[in-house]
Amino acid sequence: MDHFELRDGSLHAEDVALATIADAVGTPTYVYSTATIERHVRVFREGLEGVESGPEGPLIAFAVKANPNKAVLATLAAAGFGADVVSGGELMRARAAGIPANKIVFSGVGKTADEMALALREGIFQFNLESEPEAEMLSEVATTLGLTAPVAFRVNPDVEAGTHAKISTGGSEDKFGVPISRAMAAYARAAILPGLTVQGVAVHIGSQLTDLGPSRAAFSRVGALIAELRAAGHSIATADLGGGLGVPYDPAKPVPPSPAEYGAMVREVTAGWNVRLLFEPGRVIVGNAGVLLTRVIRVKQGETQPFLIVDAAMNDLIRPSLYEAYHAIRAVTPTGAQFTATVVGPICESGDTFAKRRTMDEVKDGDLVAFMTAGAYGATMASTYNSRGLTPEVMVSRHEWAIVRPRQTIESLISADSLPAWLEKETVA
Ligand code: LLP
């Protein structure tokens with residue numbers, strides 16, 4: 001459910017007409033709804049009610065990669081969420097938005113010594129280690145700083161997530177985590193490393209999961225591992241079950257499991273684990289809370305079909321090009337008429353296609369169009385390809401709205417480059 005609805009025939013974000021935002025900010029622009037984010041926070045929490053998670057309850061660490069805008073993170077910080085970060089940059093963003101260090105989990109296969117030192121100094125809640133050499137490095141960095149790193153190993157449970165190959169992470173050929181077959185040895189080694197305190201286990205098998213089966217299988221393996229680790233003398237106090245819950249993108253596809261169904265599965269599988277549970281949801285919190293608002297530049301008649309050329313492009317929203325992802329496309333002021341068109345951006349490659357032969361609201365030159373469910377992995381994956389400035393972001397809360405990131409100007413893009421001395425001379429001459 002989201003708060004993008006037609007009112008008097010025109011698409012609104014909460015109480016604000018998208019057309020008002022487009023007129024003021026220009027297009028393309030991302031628009032986020034605070035009420036939708038807050039609703040998803042509530043629904044996710046409610047879904048987890050009744051899970052056994054110790055006196056503090058579950059730690060819900062928002063996967064910052066899904067949407068790192070400071071206003072989004074601050075909204076989540078106010079709601080009591082922590083953060084799952086995968087770089088020093090994300091860690092600093094989370095802190096800047098007011099997320100306390102003791103609610104931050106650091107994931108990722110390639111943490112550098114500098115990033116480890118930063119996170120250690122901040123005093124984060126947990127490092128999710130993804131390999132044995134990473135454990136050695138973290139211990140060394142921590143020892144040098146005179147600190148101890150609280151760690152979990154992210155295990156690779158070898159289950160197929162059943163999602164797009166590029167966003168599956170829990171198969172034996174994926175780069176993530178320590179193979180579960182080597183976990184006992186990895187923990188045995190970590191336990192004697194001077195800079196580490198082993199506190200938990202972590203798992204994350206992929207994103208946009210639309211079936212609970214693979215997660216259930218992965219979590220069961222984690223449960224068995226916890227028992228084995230305890231039998232070997234490790235004290236396991238946390239279990240991080242990652243993120244991954246899918247959201248509905250295509251109305252023609254079955255609706256993914258709800259947070260309530262996910263929570264019920266977690267409750268069942270984790271009963272008796274006697275740990276604090278951690279979760280790292282990203283998409284399910286912010287996906288439906290954002291749209292990419294764009295204007296039709298022109299409709300071009302091709303050999304066999306119309307091309308709808310919009311002013312957003314693959315640099316602004318890369319999911320369709322990268323994963324053949326589906327985003328619903330709606331007219332901001334629909335007439336009720338429909339047509340079938342291929343929706344493309346202005347970038348000079350055929351991959352700059354949002355939808356092929358899509359039957360959608362009929363629109364004409366100059367009309368506004370919204371790509372729905374663009375709040376997760378939208379702006380955050382944008383680039384400046386074709387020298388297009390980064391898309392602005394706007395946040396709405398009831399009748400108020402604010403620019404939470406301005407459009408990047410071409411001047412700032414150009415001035416970020418500099419010339420080497422030998423070319424500088426030539427330019428002057
Ligand atoms: N935790 C870890 C360790 C992750 O790698 C991810 C996502 C998450 C949590 C959050 O997963 P979520 O709840 O959002 O599914 N760019 C792709 C998605 C990449 C996901 C990467 N990892 C897309 O646009 O579909």
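Cβ separations smaller than 9 Å between residues 6+ apart or across chains give the following pairs from segment 188-202 residues that are within 15 Å of A239 (Cα to Cα) and at pLDDT 95 or above to residues that are among the acidic types (D, E) and buried (at least 23 other Cβ atoms within 10 Å of the Cβ): G200/D240; V201/D240; A202/D240; A202/E280.
Scanning for something open to solvent by less than 30 Å² (accessible area, probe 1.4 Å), more than 24 Å from E38 (Cα to Cα) and either touching a Lys or Arg at 6+ places or on another chain (Cβ under 7 Å) or outside the structural domain of K300 (by TED's automatic domain parsing) (or both), does segment 383-405 turn up at least one residue? Outline the logic, then answer.
So in segment 383-405, the residues open to solvent by less than 30 Å² (accessible area, probe 1.4 Å) come out as 389, 391-396.
Subset that is more than 24 Å from E38 (Cα to Cα): 389.
Those still in the list that are either touching a Lys or Arg at 6+ places or on another chain (Cβ under 7 Å) or outside the structural domain of K300 (by TED's automatic domain parsing) (or both) too: 389.
Yes; the residues of segment 383-405 include at least one that is open to solvent by less than 30 Å² (accessible area, probe 1.4 Å), more than 24 Å from E38 (Cα to Cα) and either touching a Lys or Arg at 6+ places or on another chain (Cβ under 7 Å) or outside the structural domain of K300 (by TED's automatic domain parsing) (or both).
Taking segment 183-202 as the range and being within 16 Å of the ligand (Cβ to nearest atom) and in contact with a Ser or Thr (Cβ under 7 Å, 6 or more places away or on another chain) as the test, only G200 passes.
Looking at this structure, is H234 within 16 Å of the ligand (Cβ to nearest atom), open to solvent by 10 Å² or more (accessible area, probe 1.4 Å) and either in contact (Cβ under 8 Å) with a residue 12 or more places away in the chain or not in a strand (DSSP E or B) (or both)? Answer is no for this residue.
Does D352 satisfy the criteria of being of a type outside the set (F, W, Y), away from the ligand (no atom under 16 Å from the Cβ) and open to solvent by 20 Å² or more (accessible area, probe 1.4 Å)?
In short, no.
Between residues in segment 243-266 that are more than 13 Å from the ligand (Cβ to nearest atom) and residues that are β-branched (V, I, T), which pairs lie under 6 Å by C-beta distance while being six or more apart or on different chains? From segment 243-266, the pairs are P248/V255; V266/V51.
For segment 143-182, the candidate set comprises residues that are more than 21 Å from the chain's Cα centre (by Cα) and assigned to a loop (DSSP other than H, G, I, E, B); within that set, the residue that is farthest from the ligand (Cβ to nearest atom) is G146. Taking the criterion of being in contact with a Gly (Cβ under 8 Å, 6 or more places away or on another chain), open to solvent by less than 10 Å² (accessible area, probe 1.4 Å) and in a strand (DSSP E or B), the residues of segment 278-307 that qualify are L278, F279, G290, V291, L292, V296.
Scanning segment 210-231 for residues that are among the aliphatic types (A, V, I, L, M) and part of a helix (DSSP H, G or I) yields A217, A218, V222, A224, L225, I226, A227, L229, A231. Of the residues that sit in segment 308-328 and are under 15 Å from the mean Cα position of the chain (by Cα) and within 20 Å of R407 (Cβ to Cβ), which one is least open to solvent (accessible area, probe 1.4 Å)? Taking the candidates together, the pick is L317. Exactly one residue among A331, A341, A382, A355 is touching a helix residue (DSSP H, G or I) at 6+ places or on another chain (Cβ under 9 Å) and either closer than 28 Å to G9 by Cβ or touching a residue at least 12 places away in the same chain (Cβ under 8 Å) (or both), and that residue is A355.
The values are calculated or read from the model by the stated rules, or taken from the named source; none is laboratory data. Please read these numbers as outputs of a predicted model, since none were measured by experiment. As a convention, Cβ positions derive from the backbone with ideal geometry for all residues, glycine included, and neighbour counts pool all protein chains shown. With ligands, DNA and RNA removed, areas are computed over all heavy atoms of the protein, side chains included. Shrake-Rupley method; radii C 1.70, N 1.55, O 1.52, S 1.80 Å.
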